[in-house]
Amino acid sequence: MIKLPGLIDPHVHVREPGQTHKEDWDSATQAALAGGVTMILAMPNTKPPIFDAATLDLALAAAKQKARCDYAQFVGAGPDNAEFLPDLAAKAAGLKMYLDSTFGELRLDDMSLWMPHFAKFPKDYPIVLHSESRTMAAGILFAAIYNRPVHIAHISLKEEVLLIKAAKERGIKVTCEVCPHHLFLSKDDIPTISHGHPGRGEVRPRLATKEDVDSLWNNVDVIDCFATDHAPHTLEEKDSENAPPGFPGLETLLPLLLTAVDDGRLTMDHVIQKSVINPRTIFHLPEQPETWIEVDEDTEYEIRAADQFTRCDWTPFEGWKVKGKVRKVVLLGQIAFEDGKILVEKGYGRNIREP
Ligand SMILES: [Zn+2]
């Protein structure tokens, strides 16, 4: 049995408010705890999106009532909220900007809409960009022009990791995260994931080529954080005509990383650095006192959607053999999860931005 700090997942779609048939603050935070994650940062592309004081209060009220692990909520950049978002910065995980198309309504196509956000959002709070390929290059240019840190969500491509490496070498304040599905899956896995339902292979950014995946592994030191981009949709939705993109990931993150440690592709230090230390620094998160997880690193098992707490009832990693199981999670001095059972009540989690 090994003891690790509780993991921080800086990229989770909780789906509440508005789409609680997919997930809510209760089921998402149960999935987090079962995966050894003791703090989540929630994305703002809910229904309605979280983009002003009223909608932020709506999400935080639901979280306060239901969350079983610690959390903070992002606000989303829109075309006309740059003036007042800075007033909400202290209550939010940070600012999320959707610069490329994804699930939900928040999207800023015109670069003149990016400018006021970069100019006005307080520099000591993070800006996270959903920006792929050349849009990411534009985002890094904005970081340089406005001399402020940006965090690039879910990088997946060789060109992205190489450009971030070059930008870091020149002192531009850019950090990035990678999702397990972009590290452990490529385009070639889509037929296996799909089982004749093409929607199950849909995720944004899309699964990339083997060359892209290899490049992420070869540049693991450039990657600041592991983030799940946990994006649950029901199987019925995934198997429908216009399948929404997204994979669940909270419960498969740590087993996959531990398996990579066992294979010698990662070190335990990588896991702690990129899933605890770096997210804490980048997003200015508090330490969690009396919080740790206990992992049996020798237990081998198969990933099964049926064993998961997420409401969406499927996983792209179905049937994968992994080595390393979360046995126990202690959060703020209480056993929150042990041997497959959630042991803390709804509302136990804290909003870490609340003084
Ligand atoms: Zn996302």
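Every read-out reported here was derived from the displayed coordinates using simple, explicitly stated rules and does not represent laboratory data. Predicted model, so just to flag it, every value in this text is computed and none were measured. Ideal geometry is used to build each Cβ from the backbone, glycine not excepted, and the neighbour counts take in all protein chains shown.
Worth pointing out:
- Fraction of C-alpha pairs exceeding 18 angstrom in region 175-265: 47 percent, rounded to a whole number.
- Only Lys, Arg (+1) and Asp, Glu (-1) charged, at Cβ; region 120-189 dipole about Cα centre in debye: 400
- Measuring between their Cα centroids, region 5-53 and region 173-188 lie 19 Å from each other.
- Set of aspartates and glutamates with alpha-carbon distance to Lys64 below 17 Å, sequence-local pairs under 8 removed: Glu16, Glu23, Asp24, Asp26, Glu345, Glu354
- Options Ser240, Thr29, Tyr348, ranked by Cα towards positive dipole end of the chain, top entry (Cβ charges): Tyr348
- Shape call, the chain: gyration tensor on alpha carbons, a/c limit 1.5: rounded
- When you count the other C-beta atoms within 10 angstrom of each residue and take the mean per peptide, 255-263, 151-159, 205-213 line up highest first as 151-159, 255-263, 205-213.
- Stretchable slack from Asp263 to Asp109, in nm (0.36 nm times residue separation minus alpha-carbon distance): 51.2 nm
- Sites Ser240 and Ala61 - FRET efficiency at Förster radius 30 Å, r taken between beta-carbons, to 0.05: 0.45
- Counting 0.36 nm for each residue step from Glu338 to Asp307 and taking away their Cα separation leaves a gain of 9.8 nm.
- Shape of region 187-337, Cα gyration tensor, a/c cut at 1.5: prolate
- Nearby lysines by direct alpha-carbon distance to Lys328 (threshold 17 angstrom, same-chain neighbours under 8 apart not counted): Lys3, Lys341
- Ordering of 317-323, 107-113 by packing is 317-323, 107-113, highest average first (other Cβ atoms within 10 Å, averaged per residue).
- Computed Rg/Rh of region 32-168, alpha carbon atoms with Kirkwood Rh: 0.97
- When only the Cβ of Lys, Arg, Asp and Glu is charged (+1, +1, -1, -1), the dipole of the chain relative to its Cα centre reaches about 660 debye.
- Here r is the Cβ-Cβ distance between Met1 and Ser133 and R0 is 35 Å; the resulting FRET efficiency, rounded to 0.05, is 0.25.
- By average C-beta atoms within 10 angstrom, highest first, the peptides 333-343, 270-280: 270-280, 333-343
- Mean Cα-pair separation over length for the chain, i.e. relative contact order, pairs under 8 Å, 6 or more apart, %: 22
- Positive contributions from Lys and Arg (+1) and negative ones from Asp and Glu (-1), summed over other residues with Cβ under 10 Å from the Cβ of His11, come out at -2.
- Projecting the Cα positions of Gln19, Pro79, Pro48 onto the charge dipole of region 1-91 (unit charges on Cβ atoms of Lys, Arg, Asp and Glu, taken about the Cα centre) puts Gln19 furthest along the positive direction.
- Counting only Cβ charges, +1 for Lys and Arg and -1 for Asp and Glu, the dipole size of region 106-150 around its Cα centre is about 120 debye.
- Calculated FRET value between Glu211 and Asn351, using beta carbons and R₀ = 35 Å, to 0.05: 0.25
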